[in-house]
Amino acid sequence: MGHVSEVHGAGASAQVVVDVGGFLGIGAKPVAIPARDLSFMRDDEARVHAVTRWTKDDLKAMPEHRH
C-alpha cells in the first residue's frame, strides 16, 4: 500500500513515514504512522514488510506529513 520513506524517533514514540497513493512514486503523499501500530515481517526473499490494520483508504485520508 505504501513505501516507508523515513523513521522519526525511537521506542514507543517513533513515527514511520509512509508514502501512500500515487503511481510509481509520482503523486504519493507522505503520512506519519505511530510505529506501535505496525507489525513487521520478513518474506521468503528476506525482504521486510510492515503490516497494519489500517486500510489504504484510511492511510490516504490521513493528513500529509511535513518535515
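The values are calculated or read from the model by the stated rules, or taken from the named source; none is laboratory data. Not measured: the values here are computed from a predicted model. So basically every Cβ, Gly included, is an ideal-geometry build from the backbone, and we count neighbours across all protein chains shown. Quick note on the areas: whole protein, heavy atoms, side chains included, nothing else; ligands and nucleic acids left out. Shrake-Rupley method; radii C 1.70, N 1.55, O 1.52, S 1.80 Å.
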Open item on the list: Eigenvalues of the Cα gyration tensor times 5, then square-rooted: what semi-axes does that give for the stretch 22-67, in whole angstrom, largest first?
Closed with: 21, 15, 10
Task: Simple Cβ-charge dipole of the chain, Lys/Arg +1 and Asp/Glu -1, about Cα centre, in debye nearest 20 - done: 140 debye
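In Å², what does the accessible area per residue of the chain work out to with a 1.4 Å probe? Could you put the intermediate results ahead of the total?
Working: 4880 Å² over 67 residues.
Accessible surface, normalised per residue, equals 73 Å².
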Open item on the list: Ignoring ligands, DNA and RNA, please state the percent of accessible area on the chain from carbon and sulfur, probe 1.4 Å.
Closed with: 55 percent
Open item on the list: If I build a Gaussian network model for the chain, linking alpha-carbon pairs within less than 10 angstrom, which residue out of V18, V51, V31 has the largest mean-square fluctuation?
Closed with: V51
Open item on the list: 7 Å from Cα along Cα→Cβ at both D37 and V51: what's the point-to-point distance in nm?
Closed with: 1.8 nm
Open item on the list: Only Cα pairs within less than 10 Å get springs; with that Gaussian network setup on the chain, which residue of D43, D19, D57 has the largest fluctuation?
Closed with: D43
